[in-house]
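A short worksheet on the structure shown next.
The values are calculated or read from the model by the stated rules, or taken from the named source; none is laboratory data. None of these values were measured; they are calculated from a predicted model. Every residue, glycine among them, receives a Cβ derived from its backbone with ideal geometry; neighbour counts consider all protein chains shown.
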Amino acid sequence: MQLFHALVGGWILASVQASDDPACTIPVTLDVSRNIWQNYTLHTNSIYRQSLEEAISNITDAAEKLKALRIAQTGNFAWIEGPKRINDIDQLADNVPCKNIMGLVLSGLPFKTCTRLDPMPTDDSWYYSETFIKPIVAKIAARPTTAFAIILEPGVVERYALDTIGTCKHVRDSWHRNVPQALKALDLPNVITYLDGANGAVFGWIGRSWQGSTKLTETWKAAGTLTQFRGLATNVRGYNSWDLSPPESFNGENTCYDLYNKGRNEKRYLSYLYTAGLKVINSSMPFHNIMDTSRNGQPGVREKWSDWCNVNGAGIGVKPGAVTNEPYLDAFVWASSPGVSDGTSESGSNNYQVECASEVNFKPMAERGQFSLAYFRMMLGGCRGCSKVKAKRRNEARCG
């Protein structure tokens, strides 16, 4: 039986490697007036793929291994978190075929979280542009035959847009100063750019769609004339469903919460963000969006909408691909890598966050960015030794 597993695994790996197309040699110009995802396939993240294929060798069940290797073949965005990861682009963008597009999530702002410290932190206004964005732009510009899709600074816009008590001033200042510069610098012919559009839990509440739309439009306008900006990326590293109906409910909510939040799934959210936000303020910002489905395949496993870290019971969602019948959505993408940790559950770590060690979180988990085979197998649905988490429908009757 072990020989059979080895032969099956070896055959699959060989077929994957043999199917790789040659690198593109023709200069790329992306026409962002169109849905480019109808013509381009999200390229595999070679760093993640290598880690996953090595880990898969420990799976002995042939059917599970086959499913895992199919995930390894699926394209997903790579995260460039801070200057130390910039050189990853050399490996990631090597040998990208003409019909593929390399996805990068850029996450390098010096301040991303709010604080009650007094005095507030300050930052060098040149740090982000000079140390993070300019080297990335140089690497992309040096590869004119490679297509790139960029998601810019996820997980920060809500603090920029919604802070009312002043604890996020340093985050707001950092965003306002740096993100428009980044959009302008990344406005290259072989690049399509997306701002982080948060999700329905952030701007789906009544009144917040206007706030979110205003701040996102201000950011887009501050960058000046852009030719390669397409819209927003929603649900990045999130668990929200696209069109679940009735949508998710969470602990402590009554049956009428749909009256107060119109973005209970991401389809509703995009519609509400446009009709109650962008349209109201007469925004001309492009609104052709993408949604991350890398971990939203099992709705109903969170206790609170704010649960974000390594949620136990989460599942891999629909594979990346163009969407042709939705007015506000171009494509589903994988903006994160299944099985990669959001943060450690080990209390002795310097990077420990209590949000990663509650009953709702998968444990144990290593440091942020490290791969966990056990978590991956749970998301895949093939972990024999993992406890099963049943999705919950807390309120069958909904209103709104």
If a residue must be assigned to a loop (DSSP other than H, G, I, E, B) and either surrounded by 15 or more Cβ atoms within 10 Å (Cβ to Cβ) or polar (S, T, N, Q) (or both), how many such residues does segment 35-67 contain?
10
Please name all residue pairs, on different chains or six or more residues apart, with Cβ atoms under 6 Å, provided the first residue is in segment 86-99 and is surrounded by 14 or more Cβ atoms within 10 Å (Cβ to Cβ) and the second residue is basic (Lys, Arg).
89/139; 93/143
Which numbered condition residue 368 fails, given (1) within 16 Å of the chain's Cα centre (by Cα); (2) free of Cβ contacts under 8 Å to residues at least 40 places away in the same chain; (3) surrounded by 21 or more Cβ atoms within 10 Å (Cβ to Cβ)
(3)
Which residue, of 240, 325, 312, 282, is more than 29 Å from residue 137 (Cβ to Cβ) and at pLDDT below 95?
325
Which of the residues spanning segment 158-214 are free of Cβ contacts under 8 Å to residues at least 24 places away in the same chain and hydrophobic (A, V, I, L, M, F, W, C)?
165
Is it true that residue 243 is among the acidic types (Asp, Glu), surrounded by fewer than 17 Cβ atoms within 10 Å (Cβ to Cβ), without any contact (Cβ under 8 Å) to a residue 60 or more places away in the chain and assigned to a loop (DSSP other than H, G, I, E, B)?
yes
When you go through 32, 8 one by one, which is the residue that is β-branched (Val, Ile, Thr) and modelled with pLDDT under 50?
8
Counting only residues that are farther than 17 Å from residue 331 by Cα and not acidic (Asp, Glu), segment 217-242 contains a total of 10
Is it fair to say residue 192 is surrounded by fewer than 22 Cβ atoms within 10 Å (Cβ to Cβ) and aliphatic (A, V, I, L, M)?
no
Determine whether segment 221-240 contains at least one residue that is assigned to a helix (DSSP H, G or I), under 18 Å from the mean Cα position of the chain (by Cα), surrounded by fewer than 23 Cβ atoms within 10 Å (Cβ to Cβ) and not hydroxyl-bearing (Ser, Thr, Tyr).
no
